1. Please state which one of A:Ser114, A:Ser49 is assigned to a loop (DSSP other than H, G, I, E, B), at pLDDT 90 or above and surrounded by fewer than 19 Cβ atoms within 10 Å (Cβ to Cβ).
2. For region A:376-390: of the residues being in contact with a Ser or Thr (Cβ under 9 Å, 6 or more places away or on another chain) and more than 7 Å from chain B (Cβ to nearest Cβ), which is nearest to A:Lys320 (Cα to Cα)?
3. Looking only at region B:298-339, which residues are farther than 30 Å from A:Leu251 by Cα, surrounded by 19 or more Cβ atoms within 10 Å (Cβ to Cβ) and within 14 Å of chain A (Cβ to nearest Cβ)?
4. I'd like the residue in region A:412-436 that is more than 22 Å from A:Gly232 (Cβ to Cβ) and in contact (Cβ under 8 Å) with a residue 40 or more places away in the chain and, out of all such residues, is surrounded by the fewest Cβ atoms within 10 Å (Cβ to Cβ).
5. Can you report the number of residues in region B:54-89 which are under 25 Å from B:Pro208 (Cα atoms) and surrounded by fewer than 19 Cβ atoms within 10 Å (Cβ to Cβ)?
6. Pick from region A:319-336 the residues that are crowded, with 24+ Cβ neighbours inside 10 Å and more than 7 Å from chain B (Cβ to nearest Cβ): which of them is nearest to the chain's Cα centre (by Cα)?
7. Would you please name the residue that is farthest from the other protein chains (Cβ to nearest Cβ), looking only at residues in region A:391-411 that are touching a residue at least 24 places away in the same chain (Cβ under 8 Å) and surrounded by fewer than 24 Cβ atoms within 10 Å (Cβ to Cβ)?
8. Hey, can you tell me all the residues within region A:52-77 that are assigned to a loop (DSSP other than H, G, I, E, B) and of a type in the set (Lys, Arg)?
Amino acid sequence: MKIFKGGTHPPGYKEATAEKSIKEISLPSEIIIPLTQHIGAPNQPLVSSGDKVKAGQKIGETDSFVSAPIHSSVSGEIKAIESRSHCMSRGALSVVIIPDEKQKAEKTKIDDKSPDLDKIKEIVREAGIVGLGGAAFPTHVKLSPPKEKPVDTVIINGCECESYLTCDYRQMIEQSDDLIDGTTLIMKILRAKRAYIGIENNKPKAIKHLQEKLEDFDDIKIVVLPTKYPQGAEKLLIKVVLGREVPSGGLPMDVGVVVQNVGTTIAISNAVRHGTPLVERVITVSGSAIKKPKNLRVKIGTPIEHIIKECGGFSKDPIKVIMGGPMTGFAQYDLAIPIIKGTSGILALTGKELSLDPLNQTACIRCARCINNCPIGLMPNNYALYGAIGDWDTMESFNVMDCIECGTCSFVCPARIPHIQYIRLGKSRIMEKCKS
Amino acid sequence: MNEELKKESEAQKLTVTVSPHIWQGESTRQIMLWVIGALLPVTFYALWVFKFHALMVIALSIFTCVVTEGVYQKMMKLPVTIGDFSAVLTGLLLALILPPLVPWWIVVIGGFVAIMLGKQVFGGLGYNIFNPALVGRVVLVLSWPQHLAKDWYLPLVSKAGFKLLGVATKLDAITSATPLYAMKQMREGLLSGIKPAYFYKALLLSNPGGCIGEVSALLLLIGAAVLLAKRIIDWRIPLCYLGTVVVFTLILKGDVIFYLLAGGLILGAFFMATDYVTSCITRKGKIIYGVGLGFITVLLRFYSGLPEAVMISILVMNCWVPLIDKYTRPKVFGVTKSA
């Protein structure tokens, strides 16, 4: 079997939700839609306080290419446009909507049954689709490679290598037709010859189901991968599936590949076939403090506390509430924070599985686990060493900019050193230096 | 906000840290405890062979190391880290490389030197260049050679020792020495009639003529196997070390089995050369480090006046670690050589 160097095997914890089908939930009393939800330029509001909006109506937009518009996920009245707590920063300008009873949706008419390529790209952008795996990179940008970088292969990322999360797994089983349709659309846009769907071997049901569905497709193949974290990292997935190595500082399109997440691919299909903008997504709610772990389809902008209430509340006091997976997700300080397009899960964790206990941190003992497990071949021990004294130049010489922030180094560290903290600090300082 | 809500939010104070949020669960302390545990079989057997003397040496060595570290850190207003068990491990290792009959004050000085000069002056755990236990021993060897070279429990190369081995010998009087020392004397023509094969069984199973931790190579190997299986130590260093010793011993026509089992080689290769802090951190570096150790050990064993070479080899190679690490960085994903 194909395998990448390094990596680790965190406990899966997927049993709690793996066999639970995706459920809808009730509407919260308030929907909070941050205008910053993706990598790139933030949106400007198109509506103002007191306006009535319909579900699917565009409420935020910018002219910048690397960006995606934002739509209202409900119909209702705009209560305020103000700064609210945000899952990845202290606060962000957000549109606060009080949902009404009727929930009227604004339907885009599909007058063109087989739109041309530029039209599809336009639809993807207008639908506000971004990478749903977590990074939230605007999808239409990925679908617009420059002429000199032709893309021959599309890889659909069905690895879901993060612990706890099962939302991609459920979608592969429950929405396989949309997934395959989305895949063919992406191939069409990029004029790619073939597509691979990469799935880890801990999801045999999804593999079998998709293999049956794909019997008549010659150009879409399932690639079964040995379970290992961080297989879902774009660069590693490309290396494992195709043997191509994305150059340092480069993009997948440099080696003729575009990678899309399962959820994103389904969203593309929905946007093109049904005119549905990205206003909801599937998330996994799990963790030892959640009474009834579930896979849910939720409106973008639903606060965490409402979602947790729908899962029976907390069974015990959580120590951490995380948005995303346990290896790369963001710890939250406020349960009023809403989910955004990139949120793949809500985890409420307790107990000893938690890392980074500042009371138990020791000095680095040079055990080399971070080096041996780094999938990129970095020496993370040096980032803590040089980061602590602010030597950014040396950090740069140790290739810190190539770090994918998968968190493996901290996961295996017996000294419980917060490597990712030093790495992010170093990266931002090096970028500041480059700008000035 | 009303009172009830306030209470609720107080009850749900959430911890915020950078990712990752889960952890594999093996701490520095647990690693130290595993290494200590792996040394316990040989330690207990040594207690049984050497009786009270060994108990005194081991207990006093650990006690001195822990107290030195704790008192120093208190005095310097540093966080006291004796809870990580690294000082206990240093104390145990130091005791295992001392002769069983050394006087108590030697042990105390050794323990103090190991922690102070070997570890704390560099900044404590993680920052020391040299293996602390070996620093302790080398200071003792240089300061009180008469104790370190003669306080054996029962020299194997003696009448009583040979009787123990079941080997008939015509030798009347032999100076007290270790098997390694005897072989050196053989090469120099000071001694004759002893074959290395006499010592195989004793070195493997029960060797009363050596340091406390050299009492049984087999029990050391059992402990080492546990550490290798648990992936606490990397196989590269011991394998390259022992492999190089085998190759060079063969070239110099020495007895391979004897030279593998004799002296502190097994203890050094598996438990001291593999010390995380003072050994190479990169995989390629570990190979170079291991080969270097083997080369120096054989060189010193055959061409120097020193009867024991493992200790010096490790200390010498400790000096090279930063340089080796610098030139053996792993290949970074997506970076091509020309770039």
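The values are calculated or read from the model by the stated rules, or taken from the named source; none is laboratory data. The shown structure was predicted, so the numbers you read here are calculated from the model rather than taken from an experiment. So basically every Cβ, Gly included, is an ideal-geometry build from the backbone, and we count neighbours across all protein chains shown.
1. Working: A:Ser114 fails: at pLDDT 90 or above.
Step by step, each of A:Ser114, A:Ser49 is checked, and only A:Ser49 is assigned to a loop (DSSP other than H, G, I, E, B), at pLDDT 90 or above and surrounded by fewer than 19 Cβ atoms within 10 Å (Cβ to Cβ).
2. Applying the filter and picking the extreme gives A:Pro380.
3. B:Asn318, B:Val321, B:Ile324, B:Asp325 - these are the residues of region B:298-339 that are farther than 30 Å from A:Leu251 by Cα, surrounded by 19 or more Cβ atoms within 10 Å (Cβ to Cβ) and within 14 Å of chain A (Cβ to nearest Cβ).
4. A:Lys433
5. Qualifying residue count, region B:54-89: 4.
6. A:Gly324
7. First, pick out the residues of region A:391-411 that are touching a residue at least 24 places away in the same chain (Cβ under 8 Å): A:392, A:395-396, A:399-411.
Okay, now just the ones that are also surrounded by fewer than 24 Cβ atoms within 10 Å (Cβ to Cβ), so A:392, A:396, A:399, A:401-405.
On the way: A:Trp392: 18, A:Glu396: 12, A:Asn399: 5, A:Met401: 10, A:Asp402: 6, A:Cys403: 10, A:Ile404: 9, A:Glu405: 8 Å.
That would be A:Trp392.
8. Start the filter on region A:52-77 by keeping residues that are assigned to a loop (DSSP other than H, G, I, E, B), which leaves A:54, A:56-57, A:62-69, A:72-75.
Across region A:52-77, the qualifying residue is only A:Lys54.
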